[in-house]
1. Dipole magnitude of the chain about its Cα centre, charges +1 at Lys/Arg Cβ and -1 at Asp/Glu Cβ only, in debye to the nearest 20?
2. Using a cut-off of 17 Å between alpha-carbon atoms, which aspartates and glutamates can reach Lys56, once sequence neighbours fewer than 8 places away in the same chain are excluded?
3. Under 17 Å Cα to Cα from Lys13, which aspartates and glutamates show up? Leave out anything in the same chain fewer than 8 places away.
4. Using only the alpha-carbon atoms of region 1-90, report the extent along each of the three principal axes, biggest first, to the nearest angstrom.
5. Using Cα positions and a limit of under 30 Å, work out the lysines in reach of Lys195, with same-chain residues fewer than 8 apart set aside.
6. What would the Debye equation give as log₁₀ I(q)/I(0) for the chain at q = 0.12, 0.18 Å⁻¹, counting only Cα atoms as equal point scatterers?
7. If packing is taken as the average count of other Cβ atoms within 10 Å, what order do 19-28, 92-101 fall into, highest mean first?
8. If you project the alpha carbons of region 171-218 onto the principal axes, what extent comes out on each, in Å, largest first?
Amino acid sequence: MLLHTEVNGDGDKTALLVHGIMSDARCWHRLQALLIERGFRVVTVDLAGHGRSPRKRRYSPGDWADDVIESVSAAVGGFEGRGPELVIGHSLGGLVSSIVARAIRPERVVYIDPAFSSPTGWRRVLVGIALAFLRTPSPAKVAKQHPRWSDEDVRIEVESIGLWDRRTVFGLANQRDVRPPESLVAPTLLVLADKSNLVPAPLAASLRELGMQVETVAGAGHVVFRDDFDGFFEKVDRWL
């Protein structure tokens, strides 16, 4: 499936950005601008069931990844035997990016609080039900929940949730699909929320042993790059 895909900038390096669940490509507006300044051509996608992309009857991490590969390849005219210089994914987008990276072999990868684990038992069921029946919140509610977000990010969040297909939560129902990469395909930076629910400390330690550089942004919640963009980007920029 071809996704809504945008290419911005004319640098000689390519960066692919993959958003998280409930969101869409507009969440990257600040990061995209800075990457373009640093010589990247930035490719963004709206995952299936999100933003301006088509909906499906069923979703899965593997299908999301296949859609990204097909869409980005079409947008940039193929990868000419090698992947983009940089792939960045947040939350669900981090999980999807880990599958994409195995196929297209980028030069560097950044995972932002990725969905490398999920709740179990009744907590898993309750979280799924809560997301599936989530109503589009008001800007005031989003701003109250996320006092550090900019007005622009609050507006984008409300609009993105309004466009989001709630059935996507069932794409993560199979716990076997929600798992971290077993090996690294490129130098990898893992940027975590202060108290990550998706990458708890034991998992973070195992990923560090695997070879990932693991960084935590103090005080930041799950959407690290909105809670503390400067703190987040300082770690990414230094690593790049």
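1. 880
2. Asp24, Asp46, Asp66, Asp67, Glu70, Asp165
3. Candidates past the 8-residue exclusion: Glu37, Glu80, Glu85, Glu107, Asp237.
4. Principal extents (largest minus smallest coordinate, Cα): 39, 30, 17 Å.
5. Correct list for Lys195: Lys141, Lys144, Lys235.
6. -0.62, -1.61
7. So the order, starting with the most tightly packed, is 92-101, 19-28.
8. Projected onto the principal axes, the Cα atoms of region 171-218 cover 29, 26, 16 Å.
Every number in this text was worked out from the coordinates using simple rules, so none of it is lab data. As the structure is a prediction and not an experimental result, all values here were calculated from the model. Using ideal geometry, Cβ is built from the backbone for each residue, glycine included, and neighbour counts are taken over all protein chains shown.
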